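Peer 1: A single structure is presented below for examination.
The values are calculated or read from the model by the stated rules, or taken from the named source; none is laboratory data. Keep in mind that what you see is a predicted model, and the values were worked out from it rather than measured. Cβ sites come from the backbone with ideal geometry, for glycine too, and all protein chains shown count toward neighbours. For the accessible areas, the whole protein counts, side chains as well, though only heavy atoms, and no ligand, DNA or RNA atoms are used. Shrake-Rupley method; radii C 1.70, N 1.55, O 1.52, S 1.80 Å.
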Amino acid sequence: MDKPIAKKPVYYRYHWHIAGGTAFIALLVYVGIAASGGRKLRTEAENLIIGEATSDKFLEYVDVEGVVQPILTIQINAREAGSVDQIIAEEGTMMNKGDTILTLNNPDLIRTIEDQQDEWEKQLISYQEKEIEMEQKSIDLQQEALQTTYELNRLKKSYALDEEEFNMGVKSKAQLEVARDEFDYKTRSTALQLEGLRHDSAATILRRELMKNDLERERKKFERARERMEDLIVRAPLSGQLSFVKVTPGQQVQSTEAIAEIKVLDQFKIHTSLSEYYIDRITTGLPATITWQNKKFPLRITKVVPEVKDRNFDVDLVFTETSPENVRIGKSFRVQIELGQPEEALVIPRGDFFQTTGGQWIYKLNESGTKARKTPISIGRQNPQQYEITGGLQSGDKVIVTGYSTFGDAEELILK
């Protein structure tokens, strides 16, 4: 018996055609959506930070951490070798200029000073003895000159009398010539003696000056040697805090060896390190500020160390006016170092969009604030609070600056 064959529906005969048509229509819809704006993402507006592009003063500066240090740290070196006899001041003590830190003992130096003293005393005695001898010799020469002058005057009177007697015929010519020869001899002898006295006086003065100079040199040598005894007492060269003493009683120290350190605490500086990226832009004199308890304190760069270590270089700054109260060594502050003068620029707030987009684009809101679309931008300079916009935005434009890690590759955001 034959079975009747059921008649199949028309759509079953053409199901492959229908499936192909459906896929084609879906492709057209996808292409249309892509062409009309790409993938869209709905997000909560309250979870985003929206910034506005504004024309404002842009100040390029570096924000780094700085540490308070004393304005001056003095290393104290031993001026004389010796063993540590007694440590007077303890570490951390506030010292005044001239206060004793420690004392040294050096027996060899003491013997040297005693020898110098003996030598100077010998020189002093010798000088006094020679001065007495020269004074006595000078007196003797003056006495001889006086006696010779007296005899010359007496002979001069006798010769004048002989001339009168010769003129009267009492004495002969031969007797007069003998008297004249004796008078001439005595006159020349007296002149030579007086000349010798003058020379001896000049020589005596010169010898006395030379002896005084020798004696003065010995005295100064003795004084310098005695001053070295003072160097065995190590004193504070300036007022400040004794930060450490690196020797112990009985320890032998050498001349010029570092034995202690004093920190001057009447003023402080801020020490920080900057990236080598800024080394050509950081110079002495640049202004900076720190903020403490909502108050700004101005500083100025006073020292730039050009040596780069671990891709950083060191900078010192000092307060130009007042410093924060209760400043302590080692305390940290955030320091803003200005790299130039404020300039008018189009700026937007900083946000995490830069890490995601590389500063190439940003989501810009429409006028109603209901949608935000990718917009290409160009970023110039930056500081810890702002980016300078050099292209892609205008003053008044609102942009999304945070939350980019959750947006994926959405071309447009719909804000709820």
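Peer 1: Under 20 Å from a point placed 7 Å out from the Cα of D56 along the Cα-to-Cβ direction: which residues of region 397-412 have their backbone N that close?
Peer 2: Once the point is set 7 Å along Cα→Cβ of D56, 397-403 turn out to lie under 20 Å by backbone N, inside region 397-412.
Peer 1: Next question. Angle between the Cα long axis of helix 173-230 and the longest principal axis of the chain, 0 to 90 degrees, nearest 10?
Peer 2: Computed tilt is about 30 degrees.
Peer 1: Dipole of the chain (Lys/Arg Cβ +1, Asp/Glu Cβ -1, origin at the Cα centre): which of Q360, Q86, Q251 lies farthest to the positive side?
Peer 2: In the chain, that residue is Q360.
Peer 1: With N set to the residue count of region 239-282, report its C-alpha Rg divided by 2.2 N^0.38 Å to two decimal places. It would help to have the intermediate numbers written out before the result.
Peer 2: Working: Rg = 17.8 Å, N = 44, 2.2 N^0.38 = 9.3 Å.
Cα-based Rg divided by the globular estimate yields 1.92.
Peer 1: In the chain, once you exclude exposed GluC sites (Glu not before Pro) (DSSP loop, at most 16 other Cβ within 10 angstrom), what's the longest stretch remaining? Kindly include the intermediate steps, with their values, before the conclusion.
Peer 2: Numbers: sites that count: E44, E90, E91, E257, E307, E321, E325, E367, E411.
It runs 92-256.
Peer 1: If you place +1 on the Cβ of every Lys and Arg, -1 on the Cβ of every Asp and Glu, and leave all else neutral, what size is the dipole of the chain about its Cα centre, to the nearest 20 Debye? Please report the intermediate quantities before stating the final value.
Peer 2: Numbers: 55 positive and 65 negative charges, 775 e Å.
I would put it at about 3720 debye.
Peer 1: In addition: Residue by residue, what Karplus-based ³J(HN,Hα) values in Hz, rounded to whole numbers, does region 45-56 have, using 6.51, -1.76 and 1.60 with θ = phi - 60° and x for Gly and Pro?
Peer 2: For region 45-56, the Karplus-derived couplings read 5, 5, 8, 10, 10, 10, x, 10, 6, 10, 8, 8 Hz, x marking Gly and Pro.
Peer 1: Still on this model: Please name whichever of L413, W120, L109 sits farthest to the positive end of the charge dipole of the chain, dipole taken about the Cα centre and charges placed at Cβ: Lys and Arg +1, Asp and Glu -1.
Peer 2: Checked the options; the winner is L413.
Peer 1: While we're on this one: If I model a spin label at N105 and Q293 as a point 7 Å from the Cα along the Cα→Cβ vector, what separation in nanometres do I get?
Peer 2: For N105 paired with Q293, the spin-label model returns 5.2 nm.
Peer 1: Can you work out the accessible area per residue across the chain, with the rest of the protein chains kept in place, probe 1.4 Å, in square angstrom?
Peer 2: Numbers: 27000 Å² over 416 residues.
Ligands and nucleic acids excluded, the figure is 65 Å² per residue.
Peer 1: Let me ask another. How are the alpha carbon pair distances in the chain distributed across 20 Å bins from zero to the largest one, expressed in percent?
Peer 2: Reading the bins upward from 0: 15, 21, 17, 15, 12, 9, 5, 3, 1, 1, 0, 0.
Peer 1: Give the angle, between 0 and 90 degrees and rounded to the nearest 10, that separates the Cα long axis of helix 107-168 from the longest principal axis of the Cα atoms of the chain.
Peer 2: In the chain, helix 107-168 runs at an angle near 40 degrees to the longest axis.
Peer 1: To continue, here is another question. Quick check on my link table: of K263/K296; K371/K416; K97/K263; K57/K295; K130/K221; K130/K212, which ones sit more than 18 Å apart, alpha carbon to alpha carbon?
Peer 2: K263/K296; K57/K295; K130/K221
Peer 1: Hull surface divided by four, with the convex hull built on the Cα atoms of region 151-247: how many nm²? Walk me through the numbers before you get to the answer.
Peer 2: On the way: hull surface 45.5 nm².
Its average projected convex-hull area is 11.4 nm².
Peer 1: With each label point set 7 Å from Cα along the Cα-Cβ vector, what nm distance links I414 and K331?
Peer 2: For I414 paired with K331, the spin-label model returns 5.5 nm.
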